[in-house]
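The values are calculated or read from the model by the stated rules, or taken from the named source; none is laboratory data. No experiment lies behind these values; they were computed from the predicted model shown. Because the Cβ atoms are built from the backbone with ideal geometry, glycine has one as well, and the counts that use them run over all protein chains shown.
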Amino acid sequence: SASKKVAVLGAAGGIGQPLSMLLKLSPAIGELACYDIVGTPGVAADLSHIPTRARVSGCLPAAGAWPPRGNEGLGEALTGADVVVIPAGVPRKPGMTRDDLFNTNAGIVKTLIQGVAEFCPEAVIAIISNPVNSTVPIAAEILKQKGVYNPRKLCGVTTFDVIRANTFAAAHMGVDPASVDVTVIGGHAGITILPLYSQLEGFAPSDAEREAITVRTQFGGDEVVQAKAGSGSATLSMAYAGYLFTEKVLQGLNGEKVTQCAYVQSDLTDCKYFASPCEFGPNGVEKVLGYGTLSAYEQAWFDKMIPDLQKQIKKGEDFVNA
Ligand code: APR
């Protein structure tokens, strides 16, 4: 049906709140379930005053939620969900890499994915919790243990990298960012992020400019971490990216053929999970598409990226299996 249920896990957080707000505005959503370990009754009550069709519920792990609920908050949030978006976790502080977050966020993702396996094994899962390069493999291993892994339904959200690439390239070219669509491949951290600016028509940077814009795309998150001076990492722009990603997934579920970059199980490279353009449809990821030809400059980054991404994938798998 055109009226989907979306669950946001970590909905009271810096990303979760604006993400839930944007999803509340989506005409494709009939039900929005906000789950967190704190605060979702307030988020849901607040959002429920926005007059759009999505019904909003605030779910907590224990009693005391608004409207009052039992101990089955996660089950209630997930049951019947078509898409589960997961921004739960701890954010980065200055000096921390996405990897430093590993142990805390790995445990959170593990718990939440166990819930998905139990309550909505058919849902498309969109993971935002960092380090995405490792949390997606963690989710896959948990889903495999539960016998419900479907590679077409599990994605890491890399839309933010595409958004940054579009913003930076458009500024450089002096054009409307909405007219730019950069393909970004690889993973979602540092040098595993590879924007393919050579494929962008009309973009002709000097060597130095190309280097600067590539590195800025890879490490743009650090600019926000520094500017926020200890209070966290990107939230508003990440929420926007998560919203755009979810909208396209919903369009696909509703029968449209849409293409967007996502970090998914992939045969394109020696990395078991890899972000590339994917076609989305009624079953989630219908096709993992290729990413065209790399320039020599991009190939050099690619060769550096592969072993790094492989390591981060293995780290996720080992967290579950070791
Ligand atoms: N279940 C549900 N929600 C949880 C859990 C859990 N087990 N553990 C933590 N949370 C919630 C927190 O209560 C909080 O509301 O996740 C939310 C995280 O919000 P913030 O601390 O504000 O962090 P945010 O900036 O939103 O980043 C969250 O996204 O981009 C990544 O690196 C970032 O991994 C981090 C995540």
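Residues in the stretch 157-206 that are polar (S, T, N, Q) and assigned to a helix (DSSP H, G or I) were compared, and the one that is surrounded by the fewest Cβ atoms within 10 Å (Cβ to Cβ) is S179.
Residue-wise test of (1) surrounded by 24 or more Cβ atoms within 10 Å (Cβ to Cβ); (2) at pLDDT 95 or above; (3) in contact with a Cys (Cβ under 8 Å, 6 or more places away or on another chain).
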residue	(1), (2), (3)
I29	yes, yes, no
L32	yes, yes, no
L60	no, no, no
L74	no, no, yes
P94	no, no, no
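Of the residues contained in the stretch 129-138, none is found to be surrounded by fewer than 24 Cβ atoms within 10 Å (Cβ to Cβ) and either out of contact with any strand residue (DSSP E or B) (no Cβ under 6 Å at 6 or more places or on another chain) or closer than 24 Å to F280 by Cα (or both). Quick check on the stretch 91-112: of everything there that is within 16 Å of K314 (Cα to Cα) and among the basic types (K, R), which residue is nearest to the ligand (Cβ to nearest atom)? Among them, the one singled out is R98. Among the residues here, L143 does not qualify as among the aliphatic types (A, V, I, L, M), in contact (Cβ under 8 Å) with a residue 40 or more places away in the chain and more than 9 Å from the ligand (Cβ to nearest atom). Return a yes/no flag: does the stretch 234-245 have any residue that is surrounded by fewer than 19 Cβ atoms within 10 Å (Cβ to Cβ), farther than 20 Å from R164 by Cα and within 15 Å of the ligand (Cβ to nearest atom). Scanning the stretch 234-245 turns up no residue that is surrounded by fewer than 19 Cβ atoms within 10 Å (Cβ to Cβ), farther than 20 Å from R164 by Cα and within 15 Å of the ligand (Cβ to nearest atom).
If the condition is being near the ligand (Cβ under 10 Å from one of its atoms) and assigned to a loop (DSSP other than H, G, I, E, B), then the stretch 8-52 contributes G10, A11, A12, G13, G14, I15, D36, I37, V38, G39. Evaluation of E141 against the conditions (1) under 16 Å from K272 (Cα atoms); (2) buried (at least 24 other Cβ atoms within 10 Å of the Cβ) shows that the sole unmet condition is (2).
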